[in-house]
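Report on the structure given below.
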Amino acid sequence: MTALLQVKNLSRRYGKVRAVSDLCFEMGCGQITGFVGPNGAGKTTTMRIAATLDVPDGGDVLVDGTSVLVEPRLARMRIGYMSDQFHPYPNLDVMQFLDFFARAYGLRSRRRIETVHSVANFCGLGSFLDRPATGLSKGMGQRLHLAKTLLHDPALLILDEPASGLDPRARIEFRDLLKRLAAAGKGILISSHILPELGEMCDSVVVIEKGERVVAGAIGDVQREAQLEQTIVAKVTREADAEAMQRHLAELPMVGDVAVDGVQLRFAFVGDDDDLAGVLAGCVAAGYGLVEFSRDAADLEDIFLKTTKGRLQ
Ligand SMILES: Nc1ncnc2c1ncn2[C@@H]1O[C@H](COP(=O)(O)OP(=O)(O)O)[C@@H](O)[C@H]1O
Ligand SMILES: [Mg+2]
């Protein structure tokens with residue numbers, strides 16, 4: 001099966017600056033991939049090329065198998081791009097703004113009206129349709145920006161720092177919208193500096209520095225490759241079981257610190273999925289009344305700090 005997004009040996013220079021160098025990565029449908037790197041790492045450059053807004057010096061980007069260089073118009077229909085800036089046209093209300101872009105995407109008559117309403121409702125803008133587009137709060141403005149991005153029902157969303165400047169509530173609401181879109185099968189490439197935020201929604205990550213790939217892949221794989229600790233959370237039925245399980249875990253070589261809080265345990269773990277399955281099977285076999293056993297949200301900050309060297313350009 002072809003990956004939804006394939007970045008192939010992408011390179012882009014600006015004079016002497018190598019903004020992107022021989023960058024390769026892939027992502028699939030239904031995935032949320034965090035695109036992480038220090039300022040000037042080349043994230044925006046990569047995203048703009050993928051969105052057909054810039055042309056590389058070398059390499060290509062394929063969206064659903066379509067080259068953004070060979071067939072940019074076709075690729076554009078499959079891409080929803082949210083730039084890192086949003087300046088809606090003045091004198092338009094939310095409805096007119098969305099309607100303008102729906103027309104630009106070739107939606108006609110009843111289908112256009114229906115699409116604008118359903119996208120606005122999905123993004124929580126249903127009761128804001130007659131508000132001036134330029135007068136929205138930052139959070140509502142980002143929802144409008146996202147709504148504009150969804151009108152043509154693209155398979156791939158490319159979102160450049162969409163959560164920057166949002167307050168915590170607006171960030172959480174925005175994250176929930178993205179999770180729903182991924183659950184509906186869309187692939188989402190999202191860059192951000194708010195790393196803990198990304199860790200809660202991304203299943204995979206691409207870390208770049210000075211235009212070059214540092215690591216890429218499923219978050220669990222990346223953590224294992226970098227020999228990073230994962231945090232496992234478990235819950236048992238009785239406090240006595242939690243204490244017994246703590247002693248059991250403390251004996252295992254792949255397990256680090258084990259903390260107990262009532263019937264809950266948290267422990268550090270380094271190993272692959274087979275190792276983790278072995279730990280779980282051991283706990284079940286020992287007869288602890290396990291009711292929960294899961295990985296905690298990934299610590300992207302940890303991945304970022306341990307894989308990048310802080311080289312800026
Ligand atoms: N239009 C441009 N002209 C010259 N240099 C640019 C241009 N766009 C980006 N750059 C340079 O390319 C590098 C990568 O920038 P960018 O892709 O914006 O990084 P990021 O989004 O990761 O912060 C930086 O050194 C930046 O200064
Ligand atoms: Mg940027």
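Brief remarks on what is shown
- Here PHE35 meets each of (1) open to solvent by 80 Å² or more (accessible area, probe 1.4 Å); (2) within 16 Å of ligand 1 (Cβ to nearest atom) with one exception, condition (1).
- Selection count, segment 150-168, where residues are away from ligand 2 (no atom under 16 Å from the Cβ) and without any contact (Cβ under 8 Å) to a residue 40 or more places away in the chain: 4
- In segment 182-240, the residue that is nearest to GLY42 (Cα to Cα) out of those that are of a type in the set (Lys, Arg) and away from ligand 2 (no atom under 16 Å from the Cβ) is ARG213.
- Of the residues screened, LEU265 is not one that is touching a residue at least 12 places away in the same chain (Cβ under 8 Å), assigned by TED's automatic domain parsing to the domain that holds VAL291, in a loop (DSSP other than H, G, I, E, B) and more than 18 Å from ILE158 (Cα to Cα).
- Scope segment 195-205; condition open to solvent by less than 50 Å² (accessible area, probe 1.4 Å) and under 12 Å from GLU301 (Cβ atoms); matching residues: LEU195, GLU197, LEU198, GLY199, VAL205
- Selection within segment 129-142: residues that are touching a Leu at 6+ places or on another chain (Cβ under 9 Å) and open to solvent by 40 Å² or more (accessible area, probe 1.4 Å). The member of this set that is nearest to ALA184 (Cα to Cα) is LYS138.
- Scanning segment 260-290 for residues that are within 29 Å of the chain's Cα centre (by Cα) and either among the β-branched types (Val, Ile, Thr) or open to solvent by less than 50 Å² (accessible area, probe 1.4 Å) (or both) turns up LEU265, PHE267, ALA268, PHE269, VAL270, GLY271, LEU276.
- When the residues of segment 208-260 are filtered to those that are touching a residue at least 60 places away in the same chain (Cβ under 8 Å) and in a helix (DSSP H, G or I), the one that is nearest to TYR288 (Cα to Cα) is GLY220.
- Residues that are among the hydrophobic types (A, V, I, L, M, F, W, C), over 17 Å from ASP299 (Cα atoms) and touching a Cys at 6+ places or on another chain (Cβ under 8 Å), drawn from segment 154-194: ALA155, LEU177
- Taking the numbered list (1) open to solvent by less than 80 Å² (accessible area, probe 1.4 Å); (2) part of a helix (DSSP H, G or I) in turn, MET77 passes all entries but (1).
- Filtering segment 155-174 for residues that are modelled with pLDDT of 95 or more and surrounded by fewer than 21 Cβ atoms within 10 Å (Cβ to Cβ) leaves a non-empty set.
- Within segment 183-194, the set of residues being modelled with pLDDT of 90 or more and surrounded by fewer than 21 Cβ atoms within 10 Å (Cβ to Cβ) comprises ALA183, ALA184, GLY185.
- Within segment 111-132, residues that are of a type in the set (S, T, N, Q) have Cβ atoms under 8 Å from residues that are in a helix (DSSP H, G or I) and surrounded by 15 or more Cβ atoms within 10 Å (Cβ to Cβ) in these pairs: THR115/ALA102, counting only partners at least 6 apart in sequence or on another chain.
- Output for segment 7-55, where each listed residue is of a type in the set (Asp, Glu) and either at positive phi or in a loop (DSSP other than H, G, I, E, B) (or both): ASP22, ASP54
The values are calculated or read from the model by the stated rules, or taken from the named source; none is laboratory data. This one's a predicted model, so the numbers in the text were calculated from it and none came from an experiment. Cβ atoms come from the backbone with ideal geometry, glycine included; neighbour counts cover every protein chain shown. Remember, those area values only see protein heavy atoms, side chains included, never the ligands or the DNA or RNA. Shrake-Rupley method; radii C 1.70, N 1.55, O 1.52, S 1.80 Å.
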